[in-house]
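The values are calculated or read from the model by the stated rules, or taken from the named source; none is laboratory data. Predicted, not measured: the structure shown is a model, and the values here were computed from it. We place every Cβ from the backbone using ideal geometry, glycine too, and count neighbours over all the protein chains shown. Keep in mind that these areas ignore ligands, DNA and RNA; they rest on the heavy atoms of the full protein, side chains included. Shrake-Rupley method; radii C 1.70, N 1.55, O 1.52, S 1.80 Å.
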Amino acid sequence: MIAMKPLLVVVFAVFTFNDLNAQTPAWQPSPGHVQVAIWPGTPPNAVAAAGSEAAEMSKDLIAGKSVQSVSNVSRPTMTVYSPKGKNTGVAVVVLPGGGYIDLAIDLEGTEVCDWLTAKGITCVLLKYRVPDSGPAWHDDCKCNIHPKAQTALEDAQRTVGLVRFQAVERHVDPNKIGVLGFSAGGHLVANISTHFDRRAYAPVDAADKVSCRPDFAVAIYPGHMLENTTKEFELNPEIPVTDKTPPTFLLQAEDDNVDGVNQSLVYYIALKNAGVPVEMHLYARGGHAFGLRRTKLPITEWPKLVEKWLGTIGMISE
């Protein structure tokens, strides 16, 4: 098995939240947008939070800007950002990264919505439960902890189903709902792309009776794709790719020292072997956790590649 550097490096080496210059009790979207609870009552497999939800800004900069992190999320919400001008009918559920420890809510969330809505796409930002809602690195054991209940997957399945159930009122085509995620969120993209036939929780209402299968998937520098294997280069068996897995776009930098490039490569090969339409772009430089923030590196143009790809798979007009 290829050793993967722990995703927690993202927290301490990239965002470095040990030196904070601002903190608020909980994250709030920009004016004009409202968070909506995705569960009608207590979420399934709820556990007591270690503390209250907090939104924090780091002093360390990515592309000249600080990064906002949200931690201790026990009440998952979705925030809908409607298209600006023309509506393509496409919707994307955005899954920020953060190692299943916290959520990079602006770098890999709201800033993504600004891009998508400008292209006529409805953006649904999911604030899923953290920490330990998926495989997460723990310093005490120097290992990834795998929770009994993957509550991040439950939240993602619930949200895709909700968007499809509410498609008419959201002005969304129910056959054009995708997912886009970064790092741990990229793993969550692969997870829901291969776990949609059955909900990971007991259905709670009519929204859970509609399909939670994404119509397309975009995974940016995904992690956890090489775990639980006995061979050096093998896809995580908990990501069971089939020919029903949705068309997928992958992107990663070869100098990513948090989630190595083999994370994307092994998933690409599995998708290709299963006959799933897949497009992958690798860049020599870019590192990890760059989001959409512009730099001088060629990888910074990746959103244009996604837009082109959405046209080739029939989601938007080319």
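Okay, here's what the table says:
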| item | result |
| --- | --- |
| Antiparallel DSSP beta bridges within the range 76-171, as percent of all bridges there, nearest 5 | 65 |
| Antiparallel DSSP beta bridges within the chain, as percent of all bridges there, nearest 5 | 50 |
| Simple Cβ-charge dipole of the chain, Lys/Arg +1 and Asp/Glu -1, about Cα centre, in debye nearest 20 | 660 |
| Net charge of neighbours whose Cβ lies under 14 Å from the Cβ of Lys65, counting Lys and Arg as +1 and Asp and Glu as -1 | -2 |
| Helix-only mean residue ellipticity at 222 nm for the chain, each DSSP H run of n ≥ 4 adding -39500 (n - 2.57), per residue, nearest 500 | -5500 deg cm²/dmol |
| Per residue accessible area of the chain, 1.4 Å probe, in Å² | 42 |
| Carbon and sulfur %, accessible surface of the range 50-201 computed with the full protein complex present, 1.4 Å | 49 |
| Gaussian network model of the chain, Cα within-10 Å springs - most flexible of Lys84, Lys231, Lys209 | Lys231 |
| Accessible area, probe 1.4 Å, largest first, for residues Ser211, Ser193, Ser52 | Ser52, Ser211, Ser193 |
| Length added when fully stretched, Glu169-Asp197, from 0.36 nm per residue minus Cα-Cα | 7.6 nm |
| Pairs beyond 23 Å (Cα-Cα), from Lys272/Lys296; Lys65/Lys176; Lys86/Lys244; Lys176/Lys304; Lys59/Lys84; Lys86/Lys209 | Lys272/Lys296; Lys65/Lys176; Lys86/Lys244; Lys59/Lys84; Lys86/Lys209 |
| Rounded to the nearest 20 debye, dipole of the range 158-316 from Cβ charges on Lys, Arg, Asp, Glu | 420 |
| Rounded to whole Å, sorted largest first: equivalent-ellipsoid semi-axes of the range 240-318, Cα gyration tensor | 23, 18, 8 |
| Exposure of Asp173 as accessible area (Å², to 10), given a probe of 1.4 Å and all protein chains | 50 |
